[in-house]
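The values are calculated or read from the model by the stated rules, or taken from the named source; none is laboratory data. Predicted, not measured: the structure shown is a model, and the values here were computed from it. Every residue, glycine among them, receives a Cβ derived from its backbone with ideal geometry; neighbour counts consider all protein chains shown. Accessible surface areas use protein heavy atoms only, side chains included; no ligands, DNA or RNA. Shrake-Rupley method; radii C 1.70, N 1.55, O 1.52, S 1.80 Å.
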Amino acid sequence: MRPPRNPLPPLRALLLAALAALAGWGSAATAQAGAPSDLDALQLADRTPAPAAAPARDWQGHVEAAAGQARRATWAGGGTLGSQRLSLALQLDTALAPGWRFVAANRLDLDWPAQPGKEKHALHTLQEAYASGQIDAAQTLDLGRVRAHFGVATGYNPTDVFRGGSLRSQASADPNSLKRNRQGAVMLRSRHLSEAGALTWLVSPRLSADSQPSDAPFSLDTGASNARHRALLAWSPNLGGAWTERLNVQTLLLAQEGQAPQAGLNLSALLGEATTAFAEWTGGHSRSQLAQALGTPQETHFHPRLSSGFTWTSSRRLSVTLEIAHNRAAPTATAWQALQTGAGLGSPLAYTLYRQWVSNAQELTTRRLWAVYASWPDAWAQHLDLSAMLRVNPDDHSRLHWLELRQHGERFDVALQWQHTSGTPLSDLGAAARSGVWQLSLRRWF
Amino acid sequence: MNSSSCILTTHRRTVLRGLAALPVLPLATAASSASAAPSAQALLAASDAVRNPDFPFGLTNTLTEYRNGQQTDSLTLAIVAKADPERGPFRSLVRFVAPARDAGKLMLYAGRDLWFFDPASQASIRLSPQQRLLGQASNGDVVTVNLSREHRAEWVAEEQITDGERRPRRCHKLRLQATVDEASYPLIELWVDAATNQPLKARYLAASGQLLKTAYFRRWQRQLGQERPTETVIIDGLDPGWVTVMRYSDWVQREVPDAWLQREYLPQFKP
């Protein structure tokens, strides 16, 4: 439709303008007695100070103090256990020369008592330290300890091939916290971006003769992060057309010392205004997890791993993720029960070795795991965020519940966490040394 | 649980290629001339061109949020935007500058392809359009938005309104109906200055007609070659005491390589 050909006569326009102004400015006030009007909002905006210049610095970090209480498992002595923690995290991203920068992140945790499974109270983690070069507009090169992350699922990421040996310090069961606190692996990584897609290749050498995690407070822990030679190729094609906005695909090929090549696939899709779906899969020949953990010879078989699900977000910003994971290399429910009871290959030592192997590899303990994750920013009040997690192992019916309320300000966060596990004492999720965990933490950003 | 839960943010998009070919400059005077009268869609395109440069650019968006007259939040974002020659919409890369807890986090907007990247975990997460990470501001409020690409405009009336600076302005009132799924709002009432094509005020409505927000575009300054609004005041439709002030500064024309505007580049992005 076109605008009118003849503008309003000036007098009439003036009269209408006055009426419109009255209607416009007064509408809110007449509709809601005492409610602020548009004029009030504009006056408020008038008083908004000019933006301050953003701090020009290349580092950031936080310090966090936490105290809590837990119920100690009967096999660990029983009773209640108080705990305190002080953590310091620092990140640096600074220019070295034109086109080159240095990226580093580290974390120091002081725990009383020491974290479960650890002997030392202090644990320093060099999470990453690498030089990054922008070779040209389309190619980058990274050399050093890098946190290379792959995968699109929330909790279990079978394509995240560098998750093994990355958990040096565990401050929370929250999968996002685990990803933030992990240590990287030493590698040479290159990315090449083009209209056709993105190609990533990397090589990560074995750096330690002793491929075991170290508890030494200031160890570089290369025995955990670089326990074997690895090489990875990842290709993310640009699908073009309408698919570009709806589907993201990444294919991976991993070669590692002592194992047949593994293939991987990451898919993430937009299903509508409020829903995204994801699936990640790996497959290749390998021994079973139990044989790898116990170091027993075994014929290799093709073992697929899959993690898939979707995330739905409500109009009030509550996001719920349902994730179903499956791992054919893990023991069946029957084999898992045998391991727990000492039948067959099972023994207390075998059980312990297997649990340690699974924990270090961040693998599923048994073939299946179901999980629900929820996130609700500004849940009941502004700046009050709610996060929750429920994990269920359908093979032994054990469960893990986790809940966090976090009130955040510009510089400070206060968080209350609760964690509860259920199941038999040797079950996947019920075997935790500490249960009924409460933790209150205060974090200061700087 | 989602690492993006702790965030806020913004968004808006930009301009038409070949806009100069449209008869937009003399629109106001053309309104009185039957032969040169522009279409409502051309008016909308012209107002888009006023708000958004038609070349890659960067700016800083500082959001200040008020509840009942009290400041409750603030957020600073560095935004780079570039028109997508194939898909039409602007693609934007948003980096959180402040507060400290969010500094360094990134969001990529490419139509409905939305990604969040947290450098602390090195993980990028696909978001749905409803999974907005800001408070009152929607994605469409923050990133560069080309309304004329996403809406069909209908001329409603010529009205005199009081603009964001409390001055009377003669305007074309346009009614915009969304024509694409990724439109941030299904229905918009937009007041465009009859003399300059400057967008002065907008009312964003739900499909039901319920008022969601009112926005005033103001503090006009010469930026990147022409007069542009350097502030948007957003007033909530249900709670008029909920006000967000978005100030734009540090405008700069800059190269934005296509390589930056894809998920795989997010871990490498360093402005």
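Positive end of the dipole of the protein assembly as shown (Cβ unit charges, origin at the Cα centre): among B:Gln262, A:Ser315, B:Thr76, the Cα lying farthest that way belongs to B:Thr76. Interface area, chains A and B: about 7400 Å² of buried accessible surface, summed, with a 1.4 Å probe and ligands, DNA and RNA left out.
Annotation: amide H-H contacts under 5 Å for B:Gln131 (H modelled 1.01 Å from N, sequence separation of 5 or more, or interchain): none. Non-local amide H neighbours of A:His383 (under 5 Å, H modeled in plane, Pro and chain starts lacking H): which ones? The list, which skips near neighbours in sequence, is A:Asp378. Charged side chains reduced to their Cβ positions (Lys and Arg at +1, Asp and Glu at -1) give the protein assembly as shown a dipole of some 200 debye around its Cα centre. When a/c is below 1.5 the answer is rounded, else prolate if a/b is larger than b/c, else oblate, so apply that to the stretch A:120-178 with a ≥ b ≥ c taken from the square roots of the Cα gyration tensor eigenvalues. In terms of gyration-tensor shape, oblate. Checking the Cα-Cα distances for A:Lys179/B:Lys270; B:Lys82/B:Lys173; B:Lys213/B:Lys270; B:Lys105/B:Lys213; A:Lys120/A:Lys179; B:Lys82/B:Lys201 against a 32 Å cut-off, the pairs over it are B:Lys213/B:Lys270. Across the stretch A:179-184, coupling constants 3J(HN,Hα) worked out from phi with the 6.51/-1.76/1.60 Karplus curve, θ = phi - 60°, read 5, 5, 8, 6, 9, x Hz, and Gly and Pro carry x.
Here the scattering of the protein assembly as shown is modelled by Debye summation over its C-alpha atoms, one equal scatterer each and no solvent; at q = 0.06, 0.08, 0.10, 0.12 Å⁻¹ the log10 of I(q)/I(0) is -0.40, -0.67, -0.98, -1.32.
Report the charge-dipole magnitude of the stretch A:89-138 in Debye, nearest 20, computed about the Cα centre from +1 at each Lys and Arg Cβ and -1 at each Asp and Glu Cβ. Numbers along the way, then the final one.
Values: 4 positive and 6 negative charges, 18 e Å.
It comes to approximately 80 debye.
Using the Karplus relation 6.51 cos²θ - 1.76 cosθ + 1.60 with θ = phi - 60°, the per-residue 3J(HN,Hα) values for the stretch A:394-403 come to x, 7, 10, 6, 8, 9, 10, 10, 9, 9 Hz, with x marking Gly and Pro. Cα gyration tensor of the stretch A:306-446, axes a ≥ b ≥ c as square roots of the eigenvalues: rounded (a/c below 1.5), prolate (a/b > b/c) or oblate? Verdict is prolate for the stretch A:306-446.
Compared with the dominant Cα axis of chain A, that is its longest principal axis, helix A:10-31 is turned about 40°.
Among the trypsin sites (Lys or Arg not before Pro) in the stretch A:322-424, those placed in a DSSP loop whose Cβ has at most 15 other Cβ atoms within 10 Å are A:Arg411.
For the stretch A:231-285, applying the loop criterion from DSSP together with a ceiling of 16 other beta carbons within 10 Å to the GluC sites (Glu not before Pro) yields A:Glu257, A:Glu273. Relative to the longest principal axis of the Cα atoms of chain A, the long axis of helix A:348-361 makes an angle of roughly 30 degrees.
Once you sort the root eigenvalues of the Cα gyration tensor of the stretch A:262-313 as a ≥ b ≥ c, which label holds: rounded (a/c under 1.5), prolate (a/b larger than b/c) or oblate (the other case)?
Working: a/c = 6.38, a/b = 3.18, b/c = 2.01.
Cα axes put the stretch A:262-313 in the prolate bin.
Quickly estimate the mean residue ellipticity at 222 nm for the protein assembly as shown, helices only: each DSSP H run with n ≥ 4 gives -39500 (n - 2.57), and the total goes over all residues, rounded to 500.
Working: 12 runs with 99 residues, N = 717.
Estimated from H runs of four or more residues: -4000 deg cm²/dmol.
Rounded to the nearest whole Hz, the Karplus-based 3J(HN,Hα) values (6.51 cos²θ - 1.76 cosθ + 1.60, θ = phi - 60°) of the stretch B:184-196 follow the sequence 6, 9, x, 9, 9, 9, 10, 9, 10, 4, 5, 9, 10, with x at glycine and proline.
Residues whose amide H falls under 5 Å from that of B:Asp113, counting only those 5 or more places apart or on a different chain, are absent, with hydrogens built in the peptide plane.
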